Amino acid sequence: MGKPRVIYWFRTDLRLHDSPALKAALDLEPAVLWPVFTWDPHYVYRARGGTNRWQFLLDCQNDLSESITKLNPKSKLFVLREGPQTLFPKLFEAWKVTHLVFEKDTDVYARERDQVVTEAAKSAGVKVISCSGRTLWDTEDVIAKHDGKPTMSMTSLLSATKKMGDVARPIPAPKHLPDPGEMPVDFDQEQPDVKPDVNAESRTKNDTGYRNIAGPNGDFAIETLEELGFAAATTPHKGGESRALKQLDGVIKDKKYTATFEKPKTSPAQFEPQSTTLLSPFLHFGALSVREFYWRVQDVVTSYGKGASTPPASLTGQLIFRDMYFAAQAAIGANFHQTVGNAYCRFIPWHLPSKLDADTGLATGDYHIDSKQAETWFQRFKQGVTGFPWIDALMRQLRHDGWIHHLGRHSLACFLTRGGCYIDWERGAEVFEELLLDHEPACNAGNWQWLSCTAFFSQYYRCYSPVSFGQKWDKNGNLIRRWVPELKDLNAKYIYEPWKAPIQDQKKAGVRVTGDGLSEAEKGTYPKPMFDFGERRNACLAAMKTAYDVGLHGHDEKVIRGTWREL
Ligand code: FAD
């Protein structure tokens, strides 16, 4: 038997440090090792993903490729432009592969995809090795220790992981990498079955990428935004393992910050620099190992002693939340991302009243809104023209930068759902899915459920005001002045409520509060608020109470069949 011929399949683990899967590949002492990334049509064309996230991915790929080449000048990250399900069976044969190695990914789509690829490998006689490395603890072990149930609270996550022992220590990056083998691609190539202009708003129709499996120059080069059909990115945040490690070094250097970090005390209004680590996009693409992050922090906490913060508010607590959502998603499966069919997600009749009058079929109570109105509110939310400057500043920051602070995300998610618009959390999650650099399916859906009080959290009466919450952090409205330049010269007294500013103050600030923000806005104007927040909060609270009293969940027959209206 000859020495192993190994494909190392990079996906959301774009790093060399602390990679148990890469170590397993190298432990095989392969004759050849191909570091490969496959251009998956699911992400390229079907998933919602805006320009900024793609740019971050390309940064991570380029940085990884350079690091690979430093370890072996003959090697790099080889990008193949075809879906892994159809590509690998052909590679197995053409490249005479003996092993396929990758990091485990428990995301819903990833699991389906890996199952297909693993079966193809089996029939080709190729051995598959996959190792956990994306989370602090192996997500499947967590679920097993939790009797197969999803972890719907930090307590349940911690009680499951208590049986598993401490988080494993990170392992060092390799010092050298084997040569890649020959890479013939003279086989039939699949073209994607969908057009690239679906979903993401920022997508142009300029798709040139899928013509040649090895890229336009036949050299397996990393994609460009143009090939992917995107215009230039706007985010100032750059990706890559080298950057991630440097950024982590910067955090750890400040021992007091690291050891005493308490999330609720960090400001959502602080920018350049922000008040939290901004390491989430690196974790999403695996450019930073979560165990590396955890242990670097934990070691500081241990040496700091008295006065150090503890989970859930501490920095390690934040990472534990991430594991909690991963394990909840993996146990629930595809229904985790929606209400219908999800036994753990409370049913709220969003957009509509929770009670209908038996005779007229019309809403009782004053919280009725028709769905046309809700759609307008949704569009104004999405474009950052609600007329509430705090909300609009956050949405515009998200659109431009692809990242906002956790409590900013709280504000937006509460406002769209139970604390203002009464619009379905799934629609908000879709907006975040497109715009976030760190979009993590499990964390995004899970946090939207938390904020909409449909799962994980139930204190629906605790609501964020789009006025006083921002004021608490940022009296002068600096975040608003940065992202809503129409208001930059407005007196701080009115910056959160510009509709209250007398005409003279508006004139002085060079702005007029008028219009709905959707129709062609006149220069120098800022829209009126789209509703009276106090009224909407009361309406939402009443509707939430009714929905909680009714107590339906996504798996209830009435929800699945859509007959809940008969209640
Ligand atoms: P830090 O405060 O520095 O925390 C360190 C790390 O802990 C983060 O990088 C992140 O990986 C993890 N973390 C922190 N808070 C959470 C949390 N609540 N849930 C899960 N992990 C957490 N986070 C994502 O990674 N991807 C998402 O798609 C995502 N969507 C969200 C949607 C909503 C509606 C809300 C309210 C939160 C969402 N979060 C998401 C969680 C959180 O807002 C971000 O992880 C955090 O703001 C990232 O910034 P940071 O790296 O500076 O975090």
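The values are calculated or read from the model by the stated rules, or taken from the named source; none is laboratory data. Model, not experiment: these values are computed from the prediction. All Cβ positions, even for glycine, are placed from backbone atoms using ideal geometry, and neighbour counts span all protein chains on display. Protein only, heavy atoms only, side chains kept; ligands, DNA and RNA dropped before computing areas. Shrake-Rupley method; radii C 1.70, N 1.55, O 1.52, S 1.80 Å.
Below, the figures for the structure above:
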read-out	value
For the range 311-317, 3J(HN,Hα) per residue [Karplus equation, 6.51 cos²θ - 1.76 cosθ + 1.60, θ = phi - 60°, Hz, x = Gly/Pro]	x, x, 6, 5, 5, 5, x
Helix-only CD estimate at 222 nm, as mean residue ellipticity for the chain, using -39500 (n - 2.57) per DSSP H run (n ≥ 4)	-12000 deg cm²/dmol
Per-bin percent of Cα-Cα distances, the chain [20 Å]	19, 51, 27, 3, 0
Scattering curve values for the range 450-541, log₁₀ I(q)/I(0), Debye with Cα scatterers, q = 0.11, 0.13, 0.14, 0.19 Å⁻¹	-0.39, -0.53, -0.61, -0.95
Inter-label distance, nm, simple model (7 Å from Cα along the C-beta direction), residue 265/residue 212	5.8
Loop trypsin sites (Lys or Arg not before Pro), the range 1-89 (other Cβ atoms within 10 Å of the site Cβ: 15 or fewer; DSSP)	74
Peptide ranges 244-254, 382-392 listed from the most packed, as the mean C-beta count within 10 angstrom indicates	382-392, 244-254
Long-range HN-HN contacts of residue 525 with modeled amide H, under 5 Å	512
Mean separation of Cα contacts under 8 Å, 6 or more apart, over the residue count of the chain: relative contact order %	16
Within straight-line cross-link reach of residue 163, lysines at Cα separation under 29 Å, skipping those fewer than 8 residues along the same chain	23, 104, 145, 149, 263, 306
Mean separation of Cα contacts under 8 Å (6+ apart) over length of the range 1-71, as relative contact order %	39
q = 0.12, 0.15, 0.27 Å⁻¹: log10 I(q)/I(0) that the Debye formula gives for the range 66-144, counting C-alpha atoms only	-0.44, -0.67, -1.24
Built amide H within the under 5 Å cut-off of residue 127, gap 5+	99, 100
Loop chymotrypsin sites (Phe, Trp or Tyr not before Pro), the range 416-498, which have at most 16 other Cβ atoms in a 10 Å radius of their Cβ (DSSP)	457, 461
Alpha-carbon spread of the range 1-158, three principal axes, descending order, Å	48, 42, 29
Relative contact order, percent, the range 31-87 [alpha-carbon distance under 8 Å, six or more residues apart]	59
Percent of C-alpha pairs per 5 Å bin, the range 485-528, short to long	6, 27, 37, 21, 8, 1
Within the accessible area of the range 87-168 (1.4 Å probe), percent carbon and sulfur	53
HN-Hα J in Hz across the range 274-287 - Karplus 6.51, -1.76, 1.60, θ = phi - 60°, x for Gly and Pro	6, 8, 10, 6, 6, 9, 4, x, 5, 5, 4, 8, x, 6
Inverse of mean 1/r across different Cα pairs in the range 231-338, Kirkwood, Å	15.2
Solvent-accessible heavy-atom area per residue, rounded to whole Å², over the chain at 1.4 Å	43
Karplus 3J(HN,Hα) series, Hz, for the range 61-73 with 6.51 cos²θ - 1.76 cosθ + 1.60 (x for Gly, Pro)	5, 5, 5, 4, 4, 4, 5, 5, 5, 5, 7, 7, x
Partners for residue 238 among aspartates and glutamates (Cα-Cα distance below 13 Å; same-chain residues under 8 apart left out)	59, 63, 401, 438
Amide H contacts of residue 19 (H built 1.01 Å from N, under 5 Å, at least 5 apart or other chain)	171
Where trypsin sites (Lys or Arg not before Pro) fall in DSSP loop in the range 482-567, at most 14 other Cβ within 10 Å	493, 523, 561
Radius of gyration and Dmax over the Cα atoms of the range 58-109, both given in Å	13.4, 36
Cα-centre dipole for the chain with unit charges at Cβ (Lys and Arg positive, Asp and Glu negative), debye to 20	1740
